[in-house]
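The values are calculated or read from the model by the stated rules, or taken from the named source; none is laboratory data. The structure presented is a predicted model; accordingly, all values stated were derived computationally and were not measured. We place every Cβ from the backbone using ideal geometry, glycine too, and count neighbours over all the protein chains shown. Heavy atoms of the whole protein, side chains included, go into the accessibility calculation; ligands, DNA and RNA do not. Shrake-Rupley method; radii C 1.70, N 1.55, O 1.52, S 1.80 Å.
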Amino acid sequence: MASDFYSDEYTELLAEINKCPKRLQSMLMNLLMRNDDLSNVAKELIKEGIVKCDSPIEMIFKVAFDVVCRSSFDNSYHLESQHKIETKGNTYYADFLVWHDDENIKVIIEIDGHDFHEKTKEQVAHDKEREYQLKMEGYEILRFSGSQIFNSPCVYANKALEFLDLQNWGW
C-alpha cells in the first residue's frame with residue numbers, strides 16, 4: 001500500500017484532498033489508508049468530484065453520506081447539492097435534495113451552521129417561512145447542526161439513511 005501512495009493516481013487524489021477542509025482531509029486520508037472497500041469508496045468519491053459543495057461542513061456530510069450508503073451496499077440514495085426549488089413566488093436552494101434510483105421522493109437535508117441559521121430573529125423567521133413553504137410543496141426536511149456533522153459525520157449520515165429507510169415511499 002505504501003508504494004501505491006507514490007503512483008500518479010494517488011498524487012492526483014492527494015492534490016484533490018488538499019483542496020478540502022482539514023476535517024475532511026483527515027476523514028478521506030483515514031479511508032484511503034484502510035486498503036479495503038471503504039478506501040475504494042473514498043477514491044471514487046474524490047475522482048467523481050463528490051467533495052465539492054457550498055460549505056466545508058456540507059462537504060463533510062456528503063462524503064459521510066456516500067460512505068455510509070456505499071458501505072451498507074445501498075447505492076440507491078443520492079444527494080444533490082444546492083438543489084433549486086421553486087415554490088409559489090419563491091426560489092429556495094436546499095443544502096441537499098435526496099433522490100433515489102427508482103422512486104420519486106421529496107426529502108431535503110439541511111445542515112444548519114451557526115453563522116447562517118438562528119443567529120438573529122430575522123434568520124429564524126426566514127428559515128421557518130422557508131420550511132413551511134417547502135413542506136407545503138410536499139418535502140420532508142431533516143435538519144442537523146453543523147456541530148453534529150463536524151463531530152460525528154458518519155453517525156448523522158447513518159441517521160439520515162435510517163430515516164430514509166423507514167419511510168413508506170409506496171414501494
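Here is how the numbers come out for the structure above:
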read-out	value
Subset of the stretch 152-163 that is farther than 15 Å from MET59 by Cβ and of a type outside the set (Asp, Glu) - its residue that is most open to solvent (accessible area, probe 1.4 Å)	LYS159
Some residue of the stretch 80-91 being surrounded by fewer than 17 Cβ atoms within 10 Å (Cβ to Cβ), within 19 Å of the chain's Cα centre (by Cα) and of a type outside the set (D, E, K, R)	yes
Number of positions in the stretch 64-79 that are open to solvent by 30 Å² or more (accessible area, probe 1.4 Å) and either without any contact (Cβ under 8 Å) to a residue 40 or more places away in the chain or in contact with a helix residue (DSSP H, G or I) (Cβ under 6 Å, 6 or more places away or on another chain) (or both)	5
Some residue of the stretch 94-112 being modelled with pLDDT under 80, surrounded by 13 or more Cβ atoms within 10 Å (Cβ to Cβ), in contact with a helix residue (DSSP H, G or I) (Cβ under 8 Å, 6 or more places away or on another chain) and not in a helix (DSSP H, G or I)	no
Number of the condition not met by ARG70 [criteria: (1) modelled with pLDDT of 80 or more; (2) within 25 Å of GLU162 (Cβ to Cβ); (3) among the basic types (Lys, Arg)]	(1)
GLU129 vs. criteria surrounded by fewer than 16 Cβ atoms within 10 Å (Cβ to Cβ) and either touching an Asp or Glu at 6+ places or on another chain (Cβ under 6 Å) or under 27 Å from ASP165 (Cα atoms) (or both)	no
Any hit, the stretch 133-141, residues being open to solvent by 40 Å² or more (accessible area, probe 1.4 Å) and either closer than 25 Å to PRO56 by Cβ or under 14 Å from the mean Cα position of the chain (by Cα) (or both)	no
